[in-house]
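Asker: Just dropping this structure here.
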Amino acid sequence: MSLSWESMLIAIISFGILYWFLNKYAFGPLFGVMEKRRQLVLEQMNTADSSRKAAEQQMEEQKAALQQARKEAYEIIEQARTTSSKQADDIVQTAKSEASRLKDDALKDIESEKNKAIAALRSEVGGISVKIASKIIEKQVDEKAQEQLVDQYLKEVGSK
């Protein structure tokens, strides 16, 4: 087997022409498509990364908003507790002052009625004393009769 330079040269030239055709019509468009695909993949990765960052930022904002809402709710609850406690204290204080006023009014009424009863009793006792004195004067009685008159008078007063 011998190598012929002529067939080798023809093979090299044929290979060069084939390479040039492949490079112009096959490799160029193929590499162009591969480069476009690489750019598309890079863009998608960048978009995914920016979307992930945006989602993380939104999540942090939502956590902060939720924390703020919880804080506000706690403040509202504490304010309601304080207000209700103050209102309860005011109601108790009002009830105590009203009870004290009613008690004072009742004591005044009792004192007034007591004074009226004492005045009425004095006037009645005065009238009865005058009657007793007039009966004693009408009758000159001894000690025993006088005791009977006083007992009788006390029975009359007790029945009235």
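Asker: Report, in whole Å, the centroid distance computed from the Cα atoms of the stretch 1-76 and the stretch 95-114.
Answerer: A separation of 96 Å, based on Cα centres.
Asker: Please give the FRET efficiency for S129 paired with D109, using the beta carbon to beta carbon distance and R0 = 30 Å, rounded to the nearest 0.05.
Answerer: Efficiency computed from Cβ-Cβ geometry: 0.50.
Asker: From the Cα trace of the chain, what convex hull volume per residue do you get, rounded to a whole Å³?
Answerer: Measuring per residue, one finds 241 Å³ for the Cα hull of the chain.
Asker: Would you work out what percent of the accessible area of the chain, with all protein chains in place, is carbon or sulfur (probe 1.4 Å)?
Answerer: 61 percent
Asker: Multiplying the sequence separation of A119 and Q39 by 0.36 nm and subtracting their Cα-Cα distance, what value in nm do you get?
Answerer: Value of the extension gain: 17.0 nm.
Asker: Okay, moving on. From the residues L107, S129, Q152, which one has its Cα farthest along the dipole of the chain in the positive direction, the dipole being from +1 and -1 charges on Cβ of Lys/Arg and Asp/Glu about the Cα centre?
Answerer: So the residue furthest toward the plus end is L107.
Asker: OK, next. With the dipole of the chain worked out from charges on the C-beta (+1 for Lys and Arg, -1 for Asp and Glu) around the Cα centre, which of Y74, S84, A55 lies farthest toward the positive end?
Answerer: Farthest towards the positive end: A55.
Asker: Roughly what would the spin-label model give for F15 and Y74, points 7 Å off Cα along C-beta, in nm?
Answerer: 8.0 nm
Asker: Given Cα positions, please report Rg to Rh for the stretch 21-93, the hydrodynamic radius being the Kirkwood one.
Answerer: Rg divided by Rh gives 1.73.
Asker: Tell me the angle of helix 5-21 to the major Cα principal axis of the chain, expressed in degrees between 0 and 90 and rounded to the nearest ten.
Answerer: It is inclined by approximately 30 degrees.
Asker: Treating only the Cβ atoms of Lys and Arg (+1) and Asp and Glu (-1) as charged, compute the dipole magnitude of the stretch 1-151 about its Cα centre; round to the nearest 20 debye.
Answerer: With only Lys, Arg, Asp and Glu charged at Cβ, the dipole is about 660 debye.
Asker: Could you work out the helix-only [θ] at 222 nm for the chain, with each DSSP H run of four or more residues adding -39,500 (n - 2.57) and the total divided by the number of residues, to the nearest 500 deg cm²/dmol?
Answerer: -34000 deg cm²/dmol
The values are calculated or read from the model by the stated rules, or taken from the named source; none is laboratory data. Predicted model only: the values in this text are computed from it and were never measured. Glycine gets a Cβ as well: all are built from the backbone with ideal geometry, and neighbour counts include every protein chain shown. Heads up: the accessible areas ignore ligands, DNA and RNA and are worked out on the full protein's heavy atoms, side chains in. Shrake-Rupley method; radii C 1.70, N 1.55, O 1.52, S 1.80 Å.
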